[in-house]
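Down below is the structure, laid out as structure tokens.
The values are calculated or read from the model by the stated rules, or taken from the named source; none is laboratory data. Note that the structure is predicted; figures quoted are calculated from it, not measured. Positions of Cβ are generated from backbone atoms using ideal geometry, with glycine treated the same way; all protein chains shown enter the neighbour counts. In case anyone asks, the SASA skips ligands and DNA or RNA and just uses the protein heavy atoms, side chains included. Shrake-Rupley method; radii C 1.70, N 1.55, O 1.52, S 1.80 Å.
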Amino acid sequence: GEILQYTLNSLRCGTLSQVGAYFADSEIENADLRSRGKEPTKASVSLLNDRRIKEVRTQAAGLLAEGVEHPKVAALEAVIRVNSGKKIIVFVEKRHSAKMIAERLNALSGETNARVFIGKQAKAGEKGMSDKEQSSTIQDFKAGKFNILVATQIAERGLHIPQVDMVAFYEPVS
């Protein structure tokens, strides 16, 4: 139920890479549990082995290999191109989206220099940003060392950056 709803929401609102990363993270978490002598939940194992989920993953991977991504990515890139050189914050829901979007924006020609701002908590074997890294990233953004901050909802809490030209909500953030 909940995992299928997440997958559908990701396909509607997020990114194809987010869908693939979610299931890859689930596999990593299951392997981590097994390495510690614990068993993953039956629901998780069943879902990862479900033929329909495997088909969605295969199709998503095939589209990504062809360079196809969610249409919102191209729309965001177009907005960023028009606003090249401006100070922009892009809010996303998931770290995978933040990283993918920052990479895509950095590949654009023009004055686009994007960095990711995520929370501290480690997730699926991936470390978060320390207080020092978060503080340094914000200071660099304020100082103009880069002009696009791609941030998860952690940045919404108490983040004050004066003189931002634009804020884009790529995904609904909780």
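Quick one: net charge around residue 85, please, counting Lys, Arg +1 and Asp, Glu -1 for every other residue with C-beta under 14 Å from its C-beta.
+2
Roughly speaking, to the nearest percent, how much of the chain's 1.4 Å accessible area is carbon and sulfur?
53 percent
Suppose we keep just the DSSP beta bridges with both residues in segment 45-174; what percent of those would be antiparallel, to 5?
Close to 10 percent.
Got a sec? Charge dipole of segment 57-164, +1 on Cβ for Lys and Arg, -1 for Asp and Glu; which of 98, 136, 108 is way out at the positive end?
Checked the options; the winner is 136.
Enter the accessible area per residue of the chain (Å², integer; probe 1.4 Å; all protein chains in place).
Value for the chain: 57 Å² per residue.
From the helices alone, meaning DSSP H stretches of at least four residues, give me the mean residue ellipticity at 222 nm for the chain, per-run term -39500 (n - 2.57), in deg cm²/dmol to the nearest 500.
Per the formula, -16500 deg cm²/dmol.
Springs between alpha-carbon atoms under 10 Å, Gaussian network over the chain: tell me which of 144, 119, 20 tops the mean-square fluctuations.
144
GNM, the chain, Cα, under 10 Å: largest mean-square fluctuation among 66, 27, 111?
Checking each option, the largest mean-square fluctuation is seen for 66.
Highest GNM mean-square fluctuation, the chain, Cα pairs closer than 10 Å: which of 72, 38, 86?
Maximum fluctuation in the GNM of the chain, among the listed residues, is at 38.
Please list the radius of gyration and Dmax for segment 46-138, considering alpha-carbon atoms only, with Å as the unit.
Cα radius of gyration and Dmax of segment 46-138 are 16.2, 47 Å respectively.
Could you sort out which of 94/127; 38/94; 38/120; 94/120; 99/120; 86/120 sit more than 21 Å apart by Cα distance in this structure?
Table pairs above 21 Å Cα-Cα are 38/94; 38/120; 86/120.
Under the definition of Cα pairs under 8 Å and six or more residues apart, what whole-number percent is the relative contact order of the chain?
Relative CO of the chain lands at 26 percent.
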